[in-house]
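Everything on this sheet refers to the single structure shown next.
The values are calculated or read from the model by the stated rules, or taken from the named source; none is laboratory data. Being a predicted model, the structure only gives us computed values, none of them experimental. Cβ: placed from backbone, ideal geometry, glycine included. Neighbour counts: every protein chain shown.
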Amino acid sequence: MSEAIKRFSLEAAKFNGQVFFFLLVIWVALLICAVLSIKSQGFSERQQRMWILTVVCVPLLGLLVYLPFSVRREDLPQILLLIMQKDRLARRMKKAAISKGTRHA
């Protein structure tokens, strides 16, 4: 068992130029996807610049911070749609209650 654990240590890792090159290619692809996602969101021009600078200048943390904002509402599961419908119904009920209150006044 201890031999198997030693095999997976970082000391025995074989990092070479090809590995670093492909890691760099993957990282650049990730950044391109994140920037395109930011551009497709409904953010203002200032917000887009802020997100792009965050994602590019703060490498891993920037991508992790943007992750919750990268999901569009139309891409969320059915549960979110049900929550949105429930919120709309609650707003309609509230407006109806307010309008009934003003009629009696």
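Whenever a residue of the stretch 22-49 is within 17 Å of Leu67 (Cβ to Cβ), its partners that are of a type in the set (Gly, Ala, Ser), lying with C-beta atoms within less than 7 angstrom and at least six residues away or across chains, give the pairs Ser37/Ser70.
Looking at the stretch 16-43 only, could you name the residues that are of a type in the set (Gly, Ala, Ser) and at pLDDT below 90? Answer for the stretch 16-43, where residues must be of a type in the set (Gly, Ala, Ser) and at pLDDT below 90: Gly17, Ala34, Ser37, Ser40, Gly42. Please work out if Ile79 is among the hydrophobic types (A, V, I, L, M, F, W, C) and either surrounded by fewer than 10 Cβ atoms within 10 Å (Cβ to Cβ) or modelled with pLDDT under 85 (or both). Considered against the rule, which asks whether it is among the hydrophobic types (A, V, I, L, M, F, W, C) and either surrounded by fewer than 10 Cβ atoms within 10 Å (Cβ to Cβ) or modelled with pLDDT under 85 (or both), Ile79 comes out as yes. Quick one: would you say Val58 is at pLDDT 85 or above and either in the same structural domain as Gln85 (by TED's automatic domain parsing) or surrounded by 10 or more Cβ atoms within 10 Å (Cβ to Cβ) (or both)? Here the answer is yes, as Val58 does meet what is asked.
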